[in-house]
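Worksheet: one structure, shown below.
The values are calculated or read from the model by the stated rules, or taken from the named source; none is laboratory data. All of these numbers come straight from a predicted model, not from anything done at the bench. Cβ sites come from the backbone with ideal geometry, for glycine too, and all protein chains shown count toward neighbours. With ligands, DNA and RNA removed, areas are computed over all heavy atoms of the protein, side chains included. Shrake-Rupley method; radii C 1.70, N 1.55, O 1.52, S 1.80 Å.
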Amino acid sequence: MANETPRRKRSFHSANVVVIGLGRFGSALAVELVNGGHQVLGIDSDERLVQAMSSQLTHVVTADTTDEETLRELGVQDMDSAVVAIGADLESSILTTSLLLQLGVKQVWAKSNSTSHGRILEQLGAHHVIFPEKEMGRRVAHMVSGESLDYVHIDEDFVMVKCESPVQFDGKNLAELKIRSTYGVTVVAVSHGDGNYVPAFPETVLSTGDHLVIAGRKKPLDEFVQLD
């Protein structure tokens, strides 16, 4: 019998990330990365913010990130990713993003405070432009209106929504309902009132009060959450 090569397990890659700007957004993002097992260098020009994060991040530094030599000395060019989370100082945000790209950082994520700011970051060549306030505003609007329990954009026209199962679906399974062919959306997961979500299968029976995670294009999904 031929020897079988053991199947390799996919290994978890611990990334080295620099987060520049340790305000509310940057600090929360940096801590979440550390909690996920990543090595994080936090940088800010405000020493008070740096000191506040010193016990929570892998390394923290007070520095001016608009100076290329400073960035080189800190070794940001060797990082897997960089996040520019600078707040109101647009000039610093733009200059820092530009320098990171010039230094060849593999993935540059840049926080934008406005549409025009985001357009400049995109023109510079930032790999990812983040609009946290805009995204959160859209997300909360759907929750406030009562249309959904949560609403997350995957891209501009593809979203995931958490909503209650329509009353008309009570007692029927997903195979009977044919939700994908009828409504153009997909039920990804279901919670039967206990807060624990499980993958959805054709034989999954829905009940009034169930919570559904639905994925699909924006227009059909928005229509779906209006069902009674």
Leading residue by the ranking (least open to solvent (accessible area, probe 1.4 Å)) among those in the stretch 212-228 that are closer than 17 Å to residue 168 by Cα and over 22 Å from the mean Cα position of the chain (by Cα): 224
Selection status of residue 72, open to solvent by 50 Å² or more (accessible area, probe 1.4 Å) and within 16 Å of residue 108 (Cα to Cα): yes
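Can you pull out the residues in the stretch 23-45 that are part of a strand (DSSP E or B) and open to solvent by less than 60 Å² (accessible area, probe 1.4 Å)? So that I can check it myself, show each step before the final result.
From the stretch 23-45, those part of a strand (DSSP E or B) are 39-44; that's our starting set.
Answer for the stretch 23-45, where residues must be part of a strand (DSSP E or B) and open to solvent by less than 60 Å² (accessible area, probe 1.4 Å): 40, 41, 42, 43, 44.
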Among (1) at positive phi; (2) over 20 Å from the mean Cα position of the chain (by Cα) - the single one residue 37 does not satisfy: (2)
Check on residue 171, part of a loop (DSSP other than H, G, I, E, B) and within 22 Å of residue 152 (Cα to Cα): no
Residue that is least open to solvent (accessible area, probe 1.4 Å) [pool: residues in the stretch 180-202 that are in contact with a helix residue (DSSP H, G or I) (Cβ under 8 Å, 6 or more places away or on another chain) and outside any loop (DSSP other than H, G, I, E, B)]: 185
Of all residues in the stretch 76-98 being within 18 Å of residue 17 (Cβ to Cβ) and either assigned to a helix (DSSP H, G or I) or without any contact (Cβ under 8 Å) to a residue 24 or more places away in the chain (or both), the one that is most open to solvent (accessible area, probe 1.4 Å): 78
